[in-house]
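A quick write-up on the structure given underneath.
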Amino acid sequence: MTVCHTNLRIRTSGHGDVHDLTPSLVEWLAGNGAREGLVTVFVPGSTAAVTTIEFEPGALEDLEEALERVAPSDRSYHHDRRWGDGNGFSHLRAALLGPSVTVPVTDGRPVTGTWQQVVLVECDNRPRDRSVVLTFVGEAGS
């Protein structure tokens with residue numbers, strides 16, 4: 001069994017910025033000779049999330065609108081009153097979406113649907129430098 005880790009560095013523009021991680025994920029798996037197993041994509045931090053979606057402008061706009069309905073950015077939160085940073089909504093959105101996804105790997109490629117990409121969602125109200133941790137567990141070959 002093989003276990004491989006790497007960190008992707010992503011500079012976000014803040015609130016609602018979404019990055020398609022799929023091309024980097026595919027390239028990294030190929031570079032490690034991954035064959036069969038699982039890959040976890042995880043973002044450390046409490047104001048960003050990792051999920052899957054069709055990475056196209058309409059779906060991304062729908063996601064932002066849904067998150068705005070669930071955790072509006074224009075209201076006051078207990079977190080904001082305690083810390084004064086105005087990003088209480090960011091913590092809620094990240095918690096609802098979650099910090100990671102685990103994707104099966106078959107024949108060296110992540111098993112995703114035709115229109116499904118793995119994405120980083122920046123929920124914070126300001127630009128951030130993010131580290132995204134990729135971990136593959138499984139069989140690798142040359």
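The values are calculated or read from the model by the stated rules, or taken from the named source; none is laboratory data. All values derive from a computational prediction rather than experimental measurement. Counting neighbours? That spans all protein chains shown, and the Cβs are built from the backbone with ideal geometry, glycine included.
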(request) Residue by residue through segment 89-112, note down the ones that are in contact (Cβ under 8 Å) with a residue 60 or more places away in the chain and closer than 30 Å to residue 35 by Cβ. (result) 100, 101, 102, 103, 104, 105, 106, 107, 108, 109, 110, 112
(message) Just checking, does segment 41-60 include any residue being under 20 Å from residue 123 (Cβ atoms), among the aromatic types (Phe, Trp, Tyr) and at pLDDT below 95?
(response) no
(request) Could you list, in sequence order, all residues of segment 10-25 that are farther than 11 Å from residue 134 by Cα and either in a strand (DSSP E or B) or aliphatic (A, V, I, L, M) (or both)? (result) 10, 11, 18, 19, 20
